[in-house]
Amino acid sequence: MSAGFDPIPFQGSAILWNNQHQTHQPGISFYHWHQCCELLLVYDGNGTVVLNNQTYPIRKGMLFVFQPFEIHKVFAKATDEHPYDRTVVHINHLRLEPFLSAFPKRLELFGQLCYSRSTERAFDLGEQFDAVRQCMEDYERYAHTGRGGTQEEMTIFMLRLLSLLEDIVPEQSSPSPAQRRSEEYSEKMMSWIEHHYMESDILDKLAAELHLTRSYVSRRFRTETGSTLSEYLTAKRIKVAAHLLESTSYTVESIAHQIGFQNVSHFISSFKKTYLITPLKYRLRGK
């Protein structure tokens with residue numbers, strides 16, 4: 001699979017917890033998105049995270065926040081000598097928000113992390129790493145018990161975590177030129193695709209835009225993100241298609257052409273690989 005919607009089965013809970021775990025071998029990574037927020041705290045490892053059309057390094061002390069329905073990818077270069085060690089937390093943001101209603105500052109920060117695309121969501125915790133790790137470990141003791149699933153424990157965990165992040169998350173303002181890091185080539189490519197994904201001959205046009213050869217564009221994207229340009233483009237198109245199926249009455253054929261598929265059968269096949277059902281069944285589900 002190269003891209004896909006990965007639904008998280010909360011089964012009524014507001015937090016789905018994955019214990020700290022290690023990977024010693026390179027895994028299969030692909031562009032995907034969830035219906036919820038996801039937190040990734042890295043204890044050790046190296047590789048690349050693609051988030052919000054940018055690439056970030058995997059290293060000890062990094063915390064990543066993936067927003068609902070946001071395309072992202074984690075490409076960890078794990079080995080026996082250098083394992084990938086992390087904790088992943090999935091948060092049902094709609095269920096959790098009411099728990100924070102009595103704490104307006106924390107609720108505002110929670111909303112900023114969950115919804116604002118202009119907010120930085122890849123953090124080098126620095127001196128705060130040990131405190132955040134302790135927060136995670138303390139809740140992990142309750143996570144798979146009846147106590148861990150109570151509103152009280154989930155609220156305490158989120159209030160504690162948000163308090164630790166309060167001084168790390170910048171206010172919603174554009175960084176100054178001195179604060180901006182230089183863009184990777186892959187980030188320029190993803191930014192360009194954001195506005196041109198519906199066009200044909202993407203690789204040719206992108207190479208011309210960047211004044212690079214087709215082979216260099218393909219090779220550079222794969223080196224920086226761990227996957228192909230085609231995989232990212234497909235993920236973007238299918239995600240847009242799902243939104244159009246939910247929010248418009250356009251035919252499947254019309255949507256296929258709007259998002260850049262020249263062949264309707266290819267679109268249906270690609271959509272089914274992602275959602276495991278056809279576009280028409282996706283539209284009709286729940287009706």
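Here, each number is a calculation from the coordinates, and none is a lab measurement. Computed from a predicted structure; not experimentally measured. Here the Cβ is made from the backbone with ideal geometry for all residues, glycine too, and neighbour counts use every protein chain on show.
So here's what we get for this one:
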{"item": "Residues in region 222-253 reached by a label modelled at VAL264 [backbone nitrogen below 11 Å; 7 Å Cα→Cβ]", "result": "251-253"}
{"item": "Span-rule helices in the chain, defined as complete DSSP H runs reaching 15 Å or more along the axis (Cα) with Kyte mean at least -1.0", "result": "104-115, 129-143, 151-165, 229-247, 264-275"}
{"item": "Bins of 10 Å from zero: percent of alpha-carbon pairs in region 3-165", "result": "10, 40, 39, 10, 0"}
{"item": "Whichever aspartates and glutamates have a C-alpha closer than 12 Å to that of LYS281, once near sequence neighbours (fewer than 8 apart) are set aside", "result": "GLU246"}
{"item": "Förster radius 25 Å - calculated FRET efficiency between SER200 and THR228, Cβ distance, rounded to 0.05", "result": "0.90"}
{"item": "Spin-label zone in region 67-110 - amide nitrogen under 20 Å from a point set 7 Å from the Cα of HIS243 along the C-beta vector", "result": "67-73, 93-94"}
{"item": "Over 27 Å between alpha carbons, listed pairs LYS77/LYS105; LYS188/LYS272; LYS188/LYS239", "result": "LYS77/LYS105; LYS188/LYS272"}
{"item": "Fraction of the pair-distance distribution of region 73-121 above 12 Å, Cα-Cα pairs, percent", "result": "73"}
{"item": "Inter-part distance where region 22-69 and region 141-164 are each reduced to a Cα centre, Å", "result": "22"}
{"item": "Structure-based [θ]222 nm, the chain - -39500 (n - 2.57) summed over DSSP H runs of at least 4, per residue, nearest 500", "result": "-13000 deg cm²/dmol"}
{"item": "Pairwise label distance in nanometres, ARG95 with PHE10, each label 7 Å out on the Cα-Cβ vector", "result": "0.5"}
{"item": "Computed lengthening from SER118 to LYS273, 0.36 nm per intervening residue step minus Cα-Cα distance", "result": "52.7 nm"}
{"item": "Cα-based equivalent ellipsoid of region 185-284: semi-axis lengths in Å, sorted from largest, via gyration tensor", "result": "27, 13, 11"}
{"item": "FRET efficiency estimate (nearest 0.05) - Cβ-Cβ, HIS82 to TRP192, R0 41 angstrom", "result": "0.80"}
{"item": "Stokes-Einstein D for the chain, Kirkwood Rh over Cα pairs, 10 °C, 1.306 mPa s (µm²/s)", "result": "78"}
